[in-house]
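The values are calculated or read from the model by the stated rules, or taken from the named source; none is laboratory data. Only a predicted model underlies this, so the values are computations on that prediction, with no experimental measurement involved. Here Cβ is always computed from backbone atoms with ideal geometry, including for glycine, and neighbour counts include all displayed protein chains.
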């Protein structure tokens, strides 16, 4: 029996050695949403459009976390769960120094977990840069200045960035710290009373499925426009939402992966390059605003020199 | 009277099930309806509490007691069945209470609770925040979010049962009305149907009773028994046969009676007739004579009686035998009967002695008549085979009344005259004593 097992291991290792001759990219996919798989497929398609033509394999992150053969030149994680899972695996030494590209995750998650990685890591985060958001607010609501921002424990680190970007756009960012749902309403009330606009930032302690209805309702009652960070927010009743679509993130990720495989320099953290502006015209009309999604997007793109 | 009883019986037969069904139906109707109303009240209460909970969600979230009070007031005003409303916070603290609302303990269920009380239904419905699908891939990992499906507060709704009781009473009245209406309809239908059967039956019963009383001509009238024509027809046929049988029986009885009467008359006649000669015997003659004596006595009519005795009959008997003697007796009796008048009566007194009763005839006329008879006897010998037998008779004639006005006395007088005629040479007619008429 022992002899048989030894033979099998030897056979497997020889196969691995033969295969390692070709560059390989493994895409580790999060579970829980079909979107992750779709994004992975688009990344693979984007990789195949390059010159390197690597061998691309899409796998559940749990499988990848068992170990990665040396021929894998790049690991791509799609979604927060895959990144968090592989960060743990890397901390346990199961990933060696394989370079890792994280995509489709909030900046807070990447920054909290990246120190666990043993190899080089880069990320394309979902968060829109503070400067872009502040610029959008200025374009959309030229007469409004005060911007309220509720920050939970995860997103608190970005306070300075928001304040700086606001000042650059001639706005005033007021940050309210929320440590749990119990404090949410009092913070929200103050934010709505003291500001003209409410900017939502991804942070599960503040914005989640259970709280969003009341936050939207409260802001609507105070006639304060709420600016969200995903298409779902615009659908649920936020007046504006600034976000990058999945295909936009996918193609940006594929580009970054190609650069990494070609050993070109890649920034360790990229904001989403392309984006869309989504407006809820009903809410806007109710509160007396006229907004054009395309016009706002073009203004932002011009500003960024795109 | 009998018809009425029969109709009532039919009516009861038809109505008893109808009453039972009507009562059963109304009981089912009322209880089912009451149950439905109770269920619908509870469902309405749940819907109201849930709606109130949804509306109160933001008020609880924002802790706005004014908003919650306005909500609760509006809800209570909107429905008269709501006795009171309490809105509780996450930990069961009272945020607002309006009306007569049941206080709740600190332990509150995560599920909706229904407390049934005598006068009210208390619904405790947790307020669960609406979850919007925004936990998408743009948000932070779900692990960081604690579940929000936990109750953020509670709505306690007290619903009055008062209207339920009123509704039940109304339903009971309606049920009773329906039962009563159904009953009346049933009575009407039963009467109609019963009449269709009872009228013909009553008529048939009447006809059968009349036949039973002997009114054999009674018949069922077809128009009266439309639904039971076959029965009527059969009863008529039966009555026909009964009548026919009755007539036959009467006829047979009459025939038998007539037969009996004839037999009796024959027997009587036989008793009064002389068996040999066929003329009345002594008894019959005596009876007739007594009647004639009475008649003569009553009306004073003349009455004459003659007694005759065949001459030398013993010699004829001895000479020609008894058969010839009998023949002679028969012949002379026949001649005698043929010789007298219609009103006269003859009889054989015994042996060769005969008698003649002549009512309404005085002696002188009688003598002449008797004389003719004597001559007829004399001139008509009896042929017996090839020989002629001469047979004469002696006659004694007596007239009523004599010294003794009885038949026996009259006959005795005639006998006396006969004796005289015998003594004076036979073949003669004699009257008692003084007078004598010479024969040939």
- Task: Among the numbered conditions (1) over 30 Å from residue B:36 (Cα atoms); (2) surrounded by 11 or more Cβ atoms within 10 Å (Cβ to Cβ), tell me where residue B:186 comes up short.
- Result: (1)
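Go through the range A:30-41 and report how many residues are out of contact with any strand residue (DSSP E or B) (no Cβ under 9 Å at 6 or more places or on another chain) and either away from chain B (no Cβ under 14 Å) or closer than 13 Å to residue A:61 by Cα (or both).
Of all residues in the range A:30-41, those out of contact with any strand residue (DSSP E or B) (no Cβ under 9 Å at 6 or more places or on another chain) come to A:32-34, A:38.
From what is left, the residues that are either away from chain B (no Cβ under 14 Å) or closer than 13 Å to residue A:61 by Cα (or both) are A:32.
Adding up the residues that qualify gives 1.
Would you check if there is a residue in the range B:52-66 being away from chain A (no Cβ under 14 Å) and either closer than 21 Å to residue B:165 by Cα or in a helix (DSSP H, G or I) (or both)? Even if it seems obvious, please write down each step before you answer.
Kept after step one, since they are away from chain A (no Cβ under 14 Å), are these residues of the range B:52-66: B:52.
Now drop any that are not either closer than 21 Å to residue B:165 by Cα or in a helix (DSSP H, G or I) (or both), which leaves B:52.
Yes: one or more hits.
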- Which of the residues that make up the range A:160-180 are closer than 15 Å to residue A:200 by Cβ and within 14 Å of another protein chain (Cβ to nearest Cβ)? A:178
- Message: For the range A:262-285, which positions are touching a residue at least 24 places away in the same chain (Cβ under 8 Å), surrounded by fewer than 19 Cβ atoms within 10 Å (Cβ to Cβ) and in a helix (DSSP H, G or I)?
- Response: A:284
- Does at least one position in the range B:20-42 carry a residue that is in contact with a strand residue (DSSP E or B) (Cβ under 8 Å, 6 or more places away or on another chain), surrounded by fewer than 19 Cβ atoms within 10 Å (Cβ to Cβ) and within 14 Å of chain A (Cβ to nearest Cβ)? no
- Note on the structure: Expected single match for within 14 Å of chain A (Cβ to nearest Cβ), closer than 30 Å to residue A:200 by Cβ, assigned to a strand (DSSP E or B) and at pLDDT 85 or above among B:127, B:155 is B:127
- If you go through the range B:42-59 one residue at a time, do you hit one that is closer than 20 Å to residue B:118 by Cβ and within 60 Å of the chain's Cα centre (by Cα)? no
- Before we move on, is residue B:238 more than 30 Å from residue B:361 (Cα to Cα), surrounded by 10 or more Cβ atoms within 10 Å (Cβ to Cβ) and without any contact (Cβ under 8 Å) to a residue 24 or more places away in the chain? yes
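Okay, residues lined up against (1) away from every other protein chain (no Cβ under 14 Å); (2) part of a loop (DSSP other than H, G, I, E, B); (3) in contact with a strand residue (DSSP E or B) (Cβ under 6 Å, 6 or more places away or on another chain):
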site: B:72; (1), (2), (3): yes, no, yes
site: B:87; (1), (2), (3): yes, no, yes
site: B:92; (1), (2), (3): yes, yes, no
site: B:109; (1), (2), (3): yes, yes, no
site: B:118; (1), (2), (3): yes, yes, no
site: B:132; (1), (2), (3): no, yes, no
- Scanning the range A:86-107 residue by residue, those at pLDDT below 90 and under 9 Å from the mean Cα position of the chain (by Cα) turn out to be A:106, A:107
